[in-house]
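Enquirer: My structure is below; once you've seen it, I'll send some questions.
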Amino acid sequence: MDVDVSDLCCVNARCADYGKRNAGNVMFRKFSGKERWRFVRCRTCRQEFSERKGTALFGVKMGTAKALAVLEHLADGCGVRQTSRLTRASQGAVLRMIERAGRHARETHDELAQHLKVCEVQLDEKWSFVGKKSRAVRSRGSGGRRSG
């Protein structure tokens, strides 16, 4: 059986071919799960893993389409209850997806945002926020009335 796995790479951080796509080191082993995820082996380190390993969907029991729908609704600003109602997922499942996706986003950011050379920093948004807060504190201190 000839299954294309060129889009996958080794997810073992200690492997010499870690993160290298289309390097010829990843070979197809079998399909796994109801949705037939590809299960592969790295020829370099001999580790086997699912194509979902290293993604926000690794270990998620709900279907891919439903999980992506949950994440899309959340990204569009829907709340937990609304997302639950629209996707027919339980509120607990939506909360677990929030936690899982947030953790994955933090780990991805921490991995990619390293050794940055920052030449310029803009604090205008921060200053606007701080300025508004201090102005509100001053106006409340003067008789409890806000100035318009």
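Enquirer: Would a scan of segment 100-111 turn up a residue that is under 13 Å from the mean Cα position of the chain (by Cα) and loosely packed, with under 10 Cβ neighbours inside 10 Å?
Expert: So far as segment 100-111 goes, yes, one or more of its residues are under 13 Å from the mean Cα position of the chain (by Cα) and loosely packed, with under 10 Cβ neighbours inside 10 Å.
Enquirer: Name the residue that is surrounded by the fewest Cβ atoms within 10 Å (Cβ to Cβ), counting only residues in segment 64-91 that are among the β-branched types (Val, Ile, Thr) and within 15 Å of Gly102 (Cβ to Cβ).
Expert: Within segment 64-91, the subset among the β-branched types (Val, Ile, Thr) is 64, 70, 80, 83, 87.
Subset that is within 15 Å of Gly102 (Cβ to Cβ): 70, 80, 83.
Numbers: Val70: 26, Val80: 17, Thr83: 24.
Looking at the filtered set, the residue picked out is Val80.
Enquirer: Here's another thing I want to ask about it. Tell me, please, whether a residue that is at pLDDT 85 or above and assigned to a helix (DSSP H, G or I) can be found in segment 112-121.
Expert: yes
Enquirer: What's the total number of residues in segment 24-33 that are over 23 Å from the mean Cα position of the chain (by Cα), in a loop (DSSP other than H, G, I, E, B) and surrounded by fewer than 17 Cβ atoms within 10 Å (Cβ to Cβ)?
Expert: Number satisfying all stated conditions: 1.
The values are calculated or read from the model by the stated rules, or taken from the named source; none is laboratory data. These numbers were taken from a predicted model, which means no experiment stands behind them. Cβ coordinates were reconstructed from backbone atoms using ideal geometry, including for glycine residues, and neighbour counts include every protein chain displayed.
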